[in-house]
Amino acid sequence: MRFFYNLLYHSFAFTYDLVAATVSFGKWKDWVFSMTPFIEGTRILELGHGPGHLQRLLLRRNLFAAAIDESAQMGTLAKRRIGSAQKLSRALAQNIPFAAESFDTLIATFPSEYIFDMQTLSEAHRVLRNSGRLIVLLGAWPKSPILAWLFKVTGESPPEAYESINLKIKTKLAESKFIAEVQIVEVKSDNLLVVVAQKEEKKC
């Protein structure tokens with residue numbers, strides 16, 4: 001699967017929107033856009049901008065929106081979509097190319113495991129302003145009676161997985177001086193697994 005995702009994000013980046021729409025039954029962009037109510041402040045940095053849909057939305061709302069991504073192919077797609085207003089950089093989340101305390105909110109949607117790398121969290125803490133937010137959309141699944149029955153039969157219920165994820169993520173974020181909450185957010189006919197982490201205030 002990792003090999004497949006690497007191809008999708010690089011060599012076959014031009015198919016990303018189609019694949020994402022297909023596997024999400026056309027809901028992928030709605031899931032991503034549903035994160036905007038969690039955003040605080042006016043200076044926003046997206047980690048892993050992908051094809052640029054969220055960036056375009058944020059710019060339309062007159063926010064200062066910047067983004068990074070390690071994929072050159074995704075950078076090309078996003079720049080075409082956004083145009084001259086874009087503030088995109090090719091970079092890794094483990095080495096964010098912005099000054100300390102530059103942003104009110106950092107956001108990542110459906111990221112890979114890099115998002116909870118300790119170096120990523122250290123960099124996120126560095127570039128966030130005091131009490132700034134890190135928002136991570138981890139996953140999504142439909143609220144379906146049939147799916148609920150299947151989860152019950154197989155013993156692989158998302159709420160059960162949530163308990164394990166909740167503890168691991170909170171512990172790791174606490175080590176990086178974040179106060180975190182892991183939420184299951186209901187959006188229409190779907191559930192989203194969302195992490196909202198706040199940078200601890202500096203003590204005087």
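Before moving on, here are some points about what is shown:
- In the range 77-104, residue least open to solvent (accessible area, probe 1.4 Å) [restricted to those that are without any contact (Cβ under 8 Å) to a residue 40 or more places away in the chain and among the hydroxyl-bearing types (S, T, Y)]: S89
- Residue among E40, E46 that is at pLDDT 95 or above, open to solvent by 50 Å² or more (accessible area, probe 1.4 Å) and within 23 Å of V185 (Cβ to Cβ): E40
- Filtering the range 78-94 to residues that are in contact with a Ser or Thr (Cβ under 9 Å, 6 or more places away or on another chain) and either of a type in the set (G, A, S) or in a helix (DSSP H, G or I) (or both) leaves A93, Q94.
- So I107, is it in contact with a strand residue (DSSP E or B) (Cβ under 6 Å, 6 or more places away or on another chain), open to solvent by less than 30 Å² (accessible area, probe 1.4 Å) and farther than 14 Å from I68 by Cβ: no
- Any helices (runs of 4 or more DSSP H) falling wholly within the range 15-72 and containing at least 3 residues that are touching a His at 6+ places or on another chain (Cβ under 9 Å): 28-33
- Looking across the range 10-21, the residues that are free of Cβ contacts under 8 Å to residues at least 12 places away in the same chain and either surrounded by 12 or more Cβ atoms within 10 Å (Cβ to Cβ) or touching a helix residue (DSSP H, G or I) at 6+ places or on another chain (Cβ under 9 Å) (or both) come down to F12, T15, V19, A20, A21.
- L7 being at pLDDT below 95, in a helix (DSSP H, G or I) and open to solvent by less than 60 Å² (accessible area, probe 1.4 Å): yes
The values are calculated or read from the model by the stated rules, or taken from the named source; none is laboratory data. If you're wondering where the values come from, they're calculated on a predicted model, not measured in any experiment. Methodologically, a virtual Cβ is constructed for each residue, glycine included, from the backbone with ideal geometry; neighbour enumeration extends over all protein chains shown. Heads up: the accessible areas ignore ligands, DNA and RNA and are worked out on the full protein's heavy atoms, side chains in. Shrake-Rupley method; radii C 1.70, N 1.55, O 1.52, S 1.80 Å.
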